[in-house]
Amino acid sequence: MTAVNPTAPKRALPAPDRTFLLVLFFVVTSAVLLASHNQDVLNSSAGGFLRNPILEAVVVSLFLANVLFAYLWRAAPWAKALVGLGSLLFVLPLAGRADTSLLDLSIQIMIFAALALGLNIVVGLAGLLDLGYVAFFAVGAYTWGVFASPRFAELLKFANENPGAAGGPTLLLGVITMLAGLCLYVWFQRRQFDTRAAWIITVALSASLFAWFWIGRSIFTLGEQLWSPTVLWLIFVPLIIYLVSLAVKHQRGAEVRSDLIGLSRMLSALGGVVGLILVIRAINLFIASRAAGLESGIDPNFFWLFLALSVMAAAIVGVLIGLPVLKLKGDYLAIITLGLGEVIRVLANNLDLYTAGSQGITPIKSAAVPWFNSVAGFLGFTEDQHYLLFLYVLVLVVVALILLVNVRLDRSRIGRAWIAIRDDEVAAQAMGVPLVQTKLIAFATGASFAGVMGMIFAAKQTFISPESFNLFQSIGVLSMVILGGMGSFPGVILGATVVTLLNLRILPGLGEASANVAWIPQQVNPGQLQRLVFGAILVAIMLLRPEGLLPNKRRVLELHHDENQEDDSAEGNAGALGTGQSLGETGDVYSPGKAPANENDRSGGAK
């Protein structure tokens, strides 16, 4: 007979098998969804009841819950696969054939889910609060929108009338500049320099940039313009002032090596981007004479090429934005990213020639996939529904790929480095994690996801304008991440689904249903107070589940662990404030917004 230890922790009972319940729920909600979007049923006597916008929102929400239950419930694998694949690949497209707004809603949910997964890397895993994330979304959208619309023909006409320089010299200068910038950036990433070498390299790079500008002026007729010397000095005077300030700090004994290397990296990256712009301009000059044949934009077959270009463009912008700001953290980083995000939007608003300003760009083409159209036609979709079904399938595949990349990164060395930085930067640096490089990878990865989704968004909407990428979009994506659970991949997808459903179906349906109710005063009609109701729902969820709807296990443990910890603030680097010791006895008290040590330095005397 075995004795039972009364102090041993009790084992949790396994969850009950819900295979039958899962399949039953799937069958019932699928039948109701298909019936509520079938014209024959809607025209029958029960049609008035099914057309109720609140009921329709509830039906859609319950149907989408199938996928959530398939993930959460304990059930047979075949049942999970049946429910997940059947919901996304069969029932939703079938219902969307009768009501395209359902396909549109599904695409919107998946676009925001991909955005939330990208921001989750930056905020949830790496712990970098980014309030300008929608800027990368805008970069991807404009990358395709400019070229796949009549705006491209306008650009070519302008280039034909104002060549500035011949295409050949422009291409040569652009290729040399781009390659030099990229090679130098990679070189700076891989090599370590002492302070003397850093000074020589930075000064030489600045002088080379100055010489490059004068060579460019001699090639471009724009050099004859009176404003060109002004632009030159507007760029170089702040650079000279910064170098002089570093020299003064160096004379006073301060360490400036990391500042010099950071400046060199930034100038190299800037050179690479300027070279890329010149190459694009040269290509425009070569094809400017064909503007008449490109009145509606480039061939839609270039869609796949631009899918890769939008990823690259957003990642490059992410690195360029990240380079100068990643020395900061917390609230300070959030404010700077907010400002940079607004800069992208303001640029889109003011560069009329490229973005059409506040009027926006339209119509924007989608990809041409004849074989897919044939399949869609065979399945009963009308011609005007083909592109929407194609984008639905494309977004589904892209989200699956993004989710796979997220999971693989989370389990990789980079993922562990992100979590280490999020939890404690000082400890991570002491363990040999290069801070700037690791943060830049997080920024570039998150930005690339936003870039590809921005391009798909432009193709779906066929219209983009700067107002599509304002601050509220960034806040909305951030709320999806926090609501779902920071660091949790299924959580942020659930958060994106909940917020998108609230914004696009549930709250508008509530407002529409209550608009003509006589006993509800117009001043308190939910249709007029959608934002208030949305905010109240978010506040309530956060109060009830601060870790998110579907939190990461690590996050849950951290929250409960903190509740049981004693106040150990006296042991931190601000302990001198409580003990009365001098700063000389306890070390420096660092600014909360400044990284505590030289960025990107490895500990332990790395070679």
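The values are calculated or read from the model by the stated rules, or taken from the named source; none is laboratory data. Not measured: the values here are computed from a predicted model. Every residue, glycine as well, gets a Cβ built from its backbone with ideal geometry; the counts of neighbours run over all protein chains shown. Ligands, DNA and RNA are excluded from the accessible area calculation, which covers all protein heavy atoms including side chains. Shrake-Rupley method; radii C 1.70, N 1.55, O 1.52, S 1.80 Å.
Does Leu278 satisfy the condition of being under 19 Å from the mean Cα position of the chain (by Cα), in a helix (DSSP H, G or I) and at pLDDT below 85? No. Among the residues making up region 465-477, those that are modelled with pLDDT under 90 and buried (at least 23 other Cβ atoms within 10 Å of the Cβ) are Phe469, Ser474.
Of the residues making up region 336-386, those that are within 15 Å of Ser468 (Cα to Cα) and of a type in the set (D, E, K, R) are Glu342, Arg345.
Against the conditions (1) at pLDDT 90 or above; (2) β-branched (Val, Ile, Thr); (3) open to solvent by less than 50 Å² (accessible area, probe 1.4 Å), Val405 satisfies every one except (3).
Any idea which residue in region 408-424 is surrounded by the most Cβ atoms within 10 Å (Cβ to Cβ), counting only those that are without any contact (Cβ under 8 Å) to a residue 40 or more places away in the chain and in a helix (DSSP H, G or I)? Full working, then the answer.
Kept after step one, since they are without any contact (Cβ under 8 Å) to a residue 40 or more places away in the chain, are these residues of region 408-424: 408, 411-414, 416-417, 420, 424.
When the remaining residues are screened for being in a helix (DSSP H, G or I), the result is 408, 413-414, 416-417, 420.
Details: Arg408: 11, Arg413: 10, Ile414: 20, Arg416: 15, Ala417: 23, Ala420: 19.
Applying the filter and picking the extreme gives Ala417.
When you scan region 77-110, how many residues do you find that are surrounded by fewer than 19 Cβ atoms within 10 Å (Cβ to Cβ) and among the hydroxyl-bearing types (Ser, Thr, Tyr)? Going through region 77-110 one residue at a time, the tally reaches 2.
Name the single residue, out of those in region 275-334 being among the hydroxyl-bearing types (Ser, Thr, Tyr) and closer than 24 Å to Leu394 by Cα, that is least open to solvent (accessible area, probe 1.4 Å). Write out each step before concluding.
Step one: of region 275-334, the residues among the hydroxyl-bearing types (Ser, Thr, Tyr) are 289, 296, 310, 332.
With closer than 24 Å to Leu394 by Cα added as a condition, the list becomes 296, 310.
Values: Ser296: 63, Ser310: 0 Å².
In this case the residue turns out to be Ser310.
Keeping to region 282-301, report how many residues are touching a Pro at 6+ places or on another chain (Cβ under 8 Å) and not in a loop (DSSP other than H, G, I, E, B).
First, pick out the residues of region 282-301 that are touching a Pro at 6+ places or on another chain (Cβ under 8 Å): 285, 288, 295-297.
From the residues that got through so far, the ones that are not in a loop (DSSP other than H, G, I, E, B) too are 285, 288.
Qualifying residue count for the region: 2.
Is there a residue in region 141-148 that is within 16 Å of Ala458 (Cα to Cα) and assigned to a loop (DSSP other than H, G, I, E, B)? Steps first, answer last, please.
Taking region 141-148 as the starting set, the residues that turn out to be within 16 Å of Ala458 (Cα to Cα) are 141-148.
This time we only want the ones that are assigned to a loop (DSSP other than H, G, I, E, B), so: 148.
Yes, region 141-148 contains a residue that is within 16 Å of Ala458 (Cα to Cα) and assigned to a loop (DSSP other than H, G, I, E, B).
Among the residues of region 240-262, just one is more than 14 Å from Ala197 (Cβ to Cβ) and either touching a His at 6+ places or on another chain (Cβ under 6 Å) or open to solvent by less than 20 Å² (accessible area, probe 1.4 Å) (or both), namely Leu246.
Within region 344-383, count every residue that is in a helix (DSSP H, G or I), farther than 22 Å from Leu307 by Cα and free of Cβ contacts under 8 Å to residues at least 60 places away in the same chain.
First, pick out the residues of region 344-383 that are in a helix (DSSP H, G or I): 344-350, 352-355, 357-359, 370-378, 383.
With the extra rule that they be farther than 22 Å from Leu307 by Cα, the set shrinks to 346-347, 349-350, 352-353, 357-359, 374-378, 383.
Okay, now just the ones that are also free of Cβ contacts under 8 Å to residues at least 60 places away in the same chain, so 347, 350, 352, 374-378, 383.
Number of matching residues: 9.
Per the conditions (1) of a type in the set (D, E, K, R); (2) open to solvent by 30 Å² or more (accessible area, probe 1.4 Å); (3) under 30 Å from Arg408 (Cβ atoms), the sole criterion not satisfied by Lys460 is (2).
Yes or no: region 33-47 includes at least one residue that is under 33 Å from the mean Cα position of the chain (by Cα) and among the hydroxyl-bearing types (Ser, Thr, Tyr). Within region 33-47, not a single residue is under 33 Å from the mean Cα position of the chain (by Cα) and among the hydroxyl-bearing types (Ser, Thr, Tyr). Cβ-Cβ contacts under 8 Å between residues 6 or more apart (or on different chains), taken from a first residue in region 271-298 that is basic (Lys, Arg) to a second residue that is at pLDDT 80 or above and not in a loop (DSSP other than H, G, I, E, B), are listed as Arg281/Thr170; Arg281/Gly174; Arg290/Leu156. Of note, Leu340 satisfies the criterion of being surrounded by 18 or more Cβ atoms within 10 Å (Cβ to Cβ), closer than 30 Å to Gln192 by Cβ and within 25 Å of the chain's Cα centre (by Cα).
Considering the conditions (1) modelled with pLDDT of 90 or more; (2) within 17 Å of Phe489 (Cβ to Cβ), Arg411 is excluded by exactly one of them, (1).
Within the bounds of region 302-323, is there any residue that is farther than 30 Å from Val452 by Cβ and part of a helix (DSSP H, G or I)?
no
Of the residues Leu538, Leu529, the single one that is surrounded by 14 or more Cβ atoms within 10 Å (Cβ to Cβ), among the hydrophobic types (A, V, I, L, M, F, W, C) and farther than 20 Å from Leu117 by Cα is Leu529. The conditions are (1) open to solvent by 30 Å² or more (accessible area, probe 1.4 Å); (2) assigned to a helix (DSSP H, G or I); (3) within 30 Å of Ile441 (Cα to Cα); (4) not β-branched (Val, Ile, Thr), and Glu154 fails exactly one of them. Which is it? Against the list (1) open to solvent by 30 Å² or more (accessible area, probe 1.4 Å); (2) assigned to a helix (DSSP H, G or I); (3) within 30 Å of Ile441 (Cα to Cα); (4) not β-branched (Val, Ile, Thr), Glu154 comes up short only on (3).
Right, Ala367: crowded, with 16+ Cβ neighbours inside 10 Å and at positive phi or not?
Working: crowded, with 16+ Cβ neighbours inside 10 Å: yes; at positive phi: no.
Against the criterion (crowded, with 16+ Cβ neighbours inside 10 Å and at positive phi), Ala367 does not qualify.
Using the structure shown, decide if Val498 is buried (at least 16 other Cβ atoms within 10 Å of the Cβ) and either touching a helix residue (DSSP H, G or I) at 6+ places or on another chain (Cβ under 9 Å) or part of a loop (DSSP other than H, G, I, E, B) (or both).
Values: buried (at least 16 other Cβ atoms within 10 Å of the Cβ): yes; either touching a helix residue (DSSP H, G or I) at 6+ places or on another chain (Cβ under 9 Å) or part of a loop (DSSP other than H, G, I, E, B) (or both): yes.
Here the answer is yes, as Val498 does meet what is asked.
Listed conditions (1) touching a helix residue (DSSP H, G or I) at 6+ places or on another chain (Cβ under 8 Å); (2) open to solvent by less than 30 Å² (accessible area, probe 1.4 Å) are all met by Leu270, apart from (2).
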